[in-house]
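A short write-up of the structure that comes next.
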Amino acid sequence: MPLAVRKFHHDDDYWHIRSFLRQVFLLNDRRELSWQVARFDYWRWHGVLNMHDGSLEDVSIWEAVDGQIAAVLNPEGLGEAHFSLHPAFYTPELAAEMVITAEQSLAVASPEGQKLTVWVNEYQTFLKDVLIERGYTQSDYSENMRYRSLEAPILDANPPAGYAVRSLGDGLELLERCYASGLAFHDDDIHIARDNRDHPQWYRNLQTAPLYRRDLDIVAMAPDGSVASFCTIWFDDVTRSAYFEPVATVPAHQRRGLAKAVMCEGLRRLKRMGATKAFVGSYSPEAHALYASVGFKEYELLESWNKVL
């Protein structure tokens, strides 16, 4: 079937892509062979608006003559490419066309020259064959795309005395959440934390995402009223799956089981809502160990393949 490629150009495309991602995710038996709708939402409302790692106009869409989406190419970080393909349209020719399009539109300057990183599920051998043929090499850097069933037992992980696990509040508590994020993700840098707190619009952007729910924005509050640990969960009731992003603990409160406590509370809430599968991505040995300890023991690798053009 002939396909036409075009750029993202209006808001209807956003909703059309979300529908496509849900369809493909279910066709792939809820394996991350393509992006989940939650990851696409998170990229749009945080990656694009807050982190400036690409734009919606960088997204390429392949469509059949009837308007059905066959594939989507988008960045997540500068110089990076992610492919989502409908299984009915898998061909080496389409894969090669997507790689060429990514090289032309998403590569960025590096000391070695124009460089592109393509992320591929370890089981997508047809796509890796195309990358090898075009001169890409696999790097040592990968993401563990972890998952667990909500039918499996959930740990009864309680926070230490004096800490309380609950949904995020508003007002000053939201500012505390912004401050905690700065400390947790920037090596306890108080200047970044203060800037996060002084300019909370970035968090309001996240709360605008269609899948955002306050009852799944979970925090561990310290005895002094500060946010010590947190996780935000994106539940898609169409696929009955959930995606944890982000999960973190402020350095001063680490090694007290707080991340485990907020995640397990999230898992219990998800199960009551009817979710049957949950996902989380991890890159470091510490994150691997934490997520495995709360039941995310199975995973597939998202490999990074690089080429200097």
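Given Phe40, Val65, Tyr90, which one lies farthest toward the positive end of the charge dipole of region 31-93, if we put +1 on the Cβ of every Lys and Arg and -1 on the Cβ of every Asp and Glu?
Phe40
Sequence-distant or interchain residues sharing an amide H contact under 5 Å with Gln114, placed H: which?
Under 5 Å from the amide H of Gln114 lie the amide H atoms of Leu309, each far enough along the sequence or on another chain.
Using the Kirkwood radius over C-alpha pairs as Rh, can you work out the diffusion coefficient of the chain via Stokes-Einstein at 10 °C, viscosity 1.306 mPa s, in µm² per second?
Rounded to a whole number, D works out at 78 µm²/s.
Mind sorting Cys264, Cys231 by how few other Cβ atoms lie within 10 Å of their own Cβ, fewest first?
Ordered from fewest to most neighbouring Cβ atoms within 10 Å, Cys264, Cys231 come out as Cys264, Cys231.
Among Tyr243, His9, Gln104, pick out the residue whose Cα is farthest towards the positive end of the charge dipole of the chain, where Lys and Arg carry +1 and Asp and Glu carry -1 on C-beta, about the Cα centre.
About the Cα centre, the residue reaching furthest to the positive side is Tyr243.
Going by Cα centres, region 288-304 and region 113-147 are how many Å apart?
Spelled out, the Cα-based centre of one part sits 19 Å from the other.
Of Val165, Ala184, Asn121, which is farthest along the charge dipole of the chain in the positive direction, counting Lys and Arg as +1 and Asp and Glu as -1 at C-beta?
Val165
What are the ³J(HN,Hα) values, in whole Hz, obtained from phi via the Karplus relation 6.51 cos²θ - 1.76 cosθ + 1.60 with θ = phi - 60°, for each residue of region 205-215 in sequence order, with x given for Gly and Pro?
Values per residue, Gly and Pro as x: 4, 4, 6, 7, 4, x, 8, 5, 9, 4, 6 Hz.
Relative to the Cα centre, what is the charge dipole magnitude of the chain, using +1 at the beta carbon of each Lys and Arg, -1 at the beta carbon of each Asp and Glu, and rounding to the nearest 20 debye?
With only Lys, Arg, Asp and Glu charged at Cβ, the dipole is about 1000 debye.
Please list, or write none, the lysines whose alpha carbon is within less than 29 Å of the alpha carbon of Lys7, excluding same-chain residues fewer than 8 places away.
Those lysines meeting the cut-off are Lys115, Lys128, Lys307.
About its Cα centre, how strong a charge dipole does region 88-139 have in debye, to the nearest 20, once Lys and Arg get +1 and Asp and Glu get -1 at the Cβ?
The calculation lands at about 120 debye.
Just in region 130-218: which GluC sites (Glu not before Pro) are loop by DSSP and have at most 13 other Cβ atoms within 10 Å?
Sites meeting the loop and neighbour criteria: Glu151.
Under 20 Å Cα-Cα from Lys271, which aspartates and glutamates qualify once same-chain neighbours fewer than 8 residues away are excluded?
Asp29, Glu151, Asp156, Asp215, Asp217, Asp236, Asp237, Glu245, Glu298
Roughly speaking, what % of Cα-Cα pairs in region 164-275 are separated by over 16 Å, rounded to a whole number?
Of the Cα pairs, 57 percent sit more than 16 Å apart.
Would you mind ranking Phe185, Phe40 by Cβ crowding within 10 Å, fewest neighbours first?
In order of increasing Cβ crowding within 10 Å: Phe185, Phe40.
Hey, what did the chain get for relative contact order, percent, Cα under 8 Å, at least 6 apart?
Relative contact order of the chain: 22 percent.
Just in region 3-71: which trypsin sites (Lys or Arg not before Pro) are loop by DSSP and have at most 15 other Cβ atoms within 10 Å?
Of the trypsin sites (Lys or Arg not before Pro), the ones in loops of region 3-71 whose Cβ has at most 15 other Cβ atoms within 10 Å are Arg31.
Listing Asp58, Asp41, Asp195, Asp170 from the residue with the fewest other Cβ atoms within 10 Å to the one with the most, what is the order?
Least to most surrounded, the residues fall as Asp170, Asp195, Asp58, Asp41.
Hey, which lysines would be in cross-link range of Lys277, C-alpha to C-alpha under 16 Å, not counting anything within fewer than 8 residues on its own chain?
The reachable lysines, counting only those whose Cα sits under 16 Å from Lys277, are Lys297.
So if I place +1 on the C-beta of Lys and Arg and -1 on the C-beta of Asp and Glu, and nothing else carries charge, what would the dipole magnitude of region 164-275 be about its Cα centre? I want it in debye, nearest 20.
Charge dipole of region 164-275: 560 debye, to the nearest 20.
Values quoted throughout were computed directly from the atomic coordinates according to the rules given, and no laboratory measurement underlies them. Worth saying up front: this structure is predicted, and the values here are computed from it rather than measured. Here Cβ is always computed from backbone atoms with ideal geometry, including for glycine, and neighbour counts include all displayed protein chains.
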